[in-house]
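As structure tokens, the structure follows; a few thoughts come after it.
The values are calculated or read from the model by the stated rules, or taken from the named source; none is laboratory data. Because the structure is a prediction, the values reported are computed rather than measured. Cβ atoms come from the backbone with ideal geometry, glycine included; neighbour counts cover every protein chain shown. To get the accessible areas, we keep the full protein, side chains included, count just its heavy atoms, and leave off ligands, DNA and RNA. Shrake-Rupley method; radii C 1.70, N 1.55, O 1.52, S 1.80 Å.
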Amino acid sequence: MLAQWRLAWLLARRFRRGRERSRFLSFISASSTFGIALGCMVFIVGLSVMNGFGEVLEERFLKLVPHVEFRAVEGALEYPEMIFDLAAQHPEVTAARASIRTQALVQQGREFVGVQVNGIAPEQTQAIAEYMPATAWQALQQPKSVVLGTGLAEKLGVSEGDNVRFVVASERGFQAPKRVNLEVVGLFRFGGQVDHQLAYVNLATARSLIGFERGVTGVELEVTDLFAAERIANEIGYQLRDYVYLDHWMRAQGHLYRDIQMVRVVMYLVLILVLAVACFNIVSTLVMTVQEKRRHIGILRTMGLRRGSLVKVFMLQGIQNGAVGVCFGVLAGIVLSLSLPTLLAALESLSGSTLLASDVYFVDRIPVLIQTVDIVLVAAVAFILSLLATLYPAWQAARIEVVDAISS
């Protein structure tokens, strides 16, 4: 059995590299290999970029977005301690933090910029602390202090040590908006829209902005399973005595995750179609090879080569084209994916423009994450389609009669 496969492999290599092949047939064979390689490379790069966006969303962006949030319908929460108790008892909640969130205008001279002000407790662990200097985090505990995003600071033309005026609309009737001067004690750099839209103050400063004497407007929860956030919000929220808004990240930012998953599904479908088109060249190559090698086939049949062995010969010839294309495509895809951030950075520096504007997108760079499962999937699909493309030409070669082949 092994000897038959070895003979079929040697004959397949002979047919594939034969000197008597026409240039056109050689071109079709090379184009099939190139098409498979190009398809594998493009889709490995595309899937790696999609994985990178998913990682940035889950590992970085969602650190600043509350997994679960309970916000007061009006004013402050009356029983925030009840939320903390229920969160501490829930096995899937890892942290609970008090917060005050409001919208404001930042005035610097004649410039007004809308911003979301997040009031946090600096004594608690906060994800944003990783993206600002330690001195800024410590200074945030001082009264009348604020930490701005770098994009927002650049737009306002302010730096550390400057004073900025926050204008906050009153929640009670048509009273004049409240104006509070705060000192910029530091800047944070997270990347994307966050740097242009967020400002952080301590809870005491946040209360002075919205006119509260005590309390908080919300409690944020961090959970172990991001995709269980809605269920956890309902389980805890239905036990509360406060009237609250139940919110979770899937409602606020879930469209980003759904968009990434939808693009991945579309890419898988396009992968199959593109590789199928590339494999049509294998069919064309083998059909033409069968017609060109009719006499050789007849001679091999007279020497005792069975129909089954002849099928193996042409199947292995097509598989060789596919395997070479898969190997080069996978290697090129991995190399291009690893070098893509550097290439795009060089392109941005040469063109003087950015591919992803940080004030528009939630990231300001193209992230890349190579996953082994995607490489294996792309290679397997390409190899299977290459194998299927050989079946009809191999079957056609096995049907050739010996007398017709020799006399042709």
Completion exercise
Considering residues that are of a type in the set (K, R) and over 18 Å from D247 (Cα atoms), the number found within region 42-83 is 1
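Identify all residues within region 382-408 that are open to solvent by less than 30 Å² (accessible area, probe 1.4 Å) and either modelled with pLDDT of 75 or more or in a helix (DSSP H, G or I) (or both); write none if there are none.
Initially, region 382-408 is screened for residues open to solvent by less than 30 Å² (accessible area, probe 1.4 Å), giving 382, 386, 389-390, 393-394, 397-398, 400, 405.
Passing the criteria: A382, S386, A389, T390, P393, A394, A397, A398, A405.
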Exercise for the section: Any chance you could count how many residues in region 144-158 are touching a residue at least 60 places away in the same chain (Cβ under 8 Å) and touching a strand residue (DSSP E or B) at 6+ places or on another chain (Cβ under 8 Å)? Expected result: 2
Exercise for the section: Please give the number of the condition S32 fails out of (1) open to solvent by 20 Å² or more (accessible area, probe 1.4 Å); (2) more than 27 Å from the chain's Cα centre (by Cα); (3) closer than 30 Å to A278 by Cα; (4) not β-branched (V, I, T). Expected result: (1)
Fill in the blank from the handout: Among the residues of region 217-254, the number that are among the aromatic types (F, W, Y), at pLDDT below 85 and either open to solvent by 50 Å² or more (accessible area, probe 1.4 Å) or at positive phi (or both) is 2
Fill in the blank from the handout: Given (1) of a type outside the set (V, I, T); (2) over 31 Å from the mean Cα position of the chain (by Cα); (3) surrounded by fewer than 17 Cβ atoms within 10 Å (Cβ to Cβ); (4) assigned to a strand (DSSP E or B), G75 misses just (4)
Fill in the blank from the handout: The one condition H196 fails out of (1) open to solvent by less than 30 Å² (accessible area, probe 1.4 Å); (2) touching a residue at least 40 places away in the same chain (Cβ under 8 Å) is (1)
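So that you can scan it fast, the table gives a plain yes or no per residue for (1) of a type in the set (V, I, T); (2) in a helix (DSSP H, G or I); (3) within 30 Å of T125 (Cα to Cα); (4) without any contact (Cβ under 8 Å) to a residue 24 or more places away in the chain:
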residue: A229; (1), (2), (3), (4): no, yes, yes, no
residue: I236; (1), (2), (3), (4): yes, yes, yes, no
residue: D242; (1), (2), (3), (4): no, no, yes, no
residue: H255; (1), (2), (3), (4): no, yes, yes, yes
residue: M262; (1), (2), (3), (4): no, yes, no, yes
residue: L271; (1), (2), (3), (4): no, yes, no, no
Exercise for the section: Answer yes if at least one residue in region 321-341 is of a type outside the set (D, E, K, R), at pLDDT below 80 and part of a helix (DSSP H, G or I), and no otherwise. Expected result: yes
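Please verify whether R207 is open to solvent by 30 Å² or more (accessible area, probe 1.4 Å), in a loop (DSSP other than H, G, I, E, B), touching a residue at least 40 places away in the same chain (Cβ under 8 Å) and closer than 21 Å to V73 by Cα, treating the condition exactly as stated. Can you show your working first?
Numbers: open to solvent by 30 Å² or more (accessible area, probe 1.4 Å): yes; in a loop (DSSP other than H, G, I, E, B): no; touching a residue at least 40 places away in the same chain (Cβ under 8 Å): yes; closer than 21 Å to V73 by Cα: yes.
For R207, the condition - open to solvent by 30 Å² or more (accessible area, probe 1.4 Å), in a loop (DSSP other than H, G, I, E, B), touching a residue at least 40 places away in the same chain (Cβ under 8 Å) and closer than 21 Å to V73 by Cα - is not met.
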Problem - So A104, is it in contact with a strand residue (DSSP E or B) (Cβ under 7 Å, 6 or more places away or on another chain) and of a type in the set (G, A, S) - result: yes
Completion exercise
Selection from region 70-97 of residues in contact with a strand residue (DSSP E or B) (Cβ under 6 Å, 6 or more places away or on another chain) and within 18 Å of N202 (Cα to Cα) yields R71, P80, A96, R97
